[in-house]
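Asks: Please find one structure pasted underneath; my questions will follow.
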Amino acid sequence: MPFALRLIVVVLVAGIIGYFVLDLSPTTTEGQAHFRVCVSSIRVNCVVDGDTIWYSGEKIRIEDIDAPEISKPKCASEEALGQRAKHRLLELLNAGPFQLVRTGDRDKDRYGRLLRVIERDANH
């Protein structure tokens, strides 16, 4: 097989793997993205917990929200409430277009996450 043809096959296979396996498919349309729960180290548009998301490859902490912990909960009740918060945030993000707005003078928190407020048009 000629080198050029092998190269084309490799690029096509890599693209197919990226699209289906790594979830690198374009998911943003008209300022809206489809979110999933984060389950792997590939984090593009996903919900980590009730107050943290990945959007377009950026880790974002939702400002002024302190959801119950799910990574290191203090008790079963906190974990259950944290799971509910995570799934509710997922539902809200997938409900329609939104804007991420920077407020105040801090751009990032002490862990390097972007600090943003999520806003939505009243019609959505």
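Asks: By counting other Cβ atoms within 10 Å of each Cβ, how are Lys74, Lys86, Lys59 ranked from fewest to most?
Replies: So the residues, fewest neighbours to most, are Lys74, Lys59, Lys86.
Asks: Turning to a different aspect of this structure: Mind checking the full-extension length gain between Arg88 and Arg102? Use 0.36 nm per residue of separation minus the Cα-Cα distance, one decimal, nm.
Replies: 2.8 nm
Asks: R0 = 22 Å: FRET efficiency of Ser71 with Gln32, Cβ-based, nearest 0.05?
Replies: It comes to 0.20.
Asks: Using a 10 Å cut-off around each Cβ, can you sort Asp66, Asp109 from fewest to most neighbouring Cβ atoms?
Replies: With the sparsest Cβ surroundings first, the list reads Asp66, Asp109.
Just so you know, all these numbers are worked out from the coordinates, no wet-lab data involved. Remember, predicted model here, so these are calculated numbers, not experimental data. No Cβ is skipped: glycine too gets one built from the backbone with ideal geometry, and neighbour counts run over all protein chains shown.
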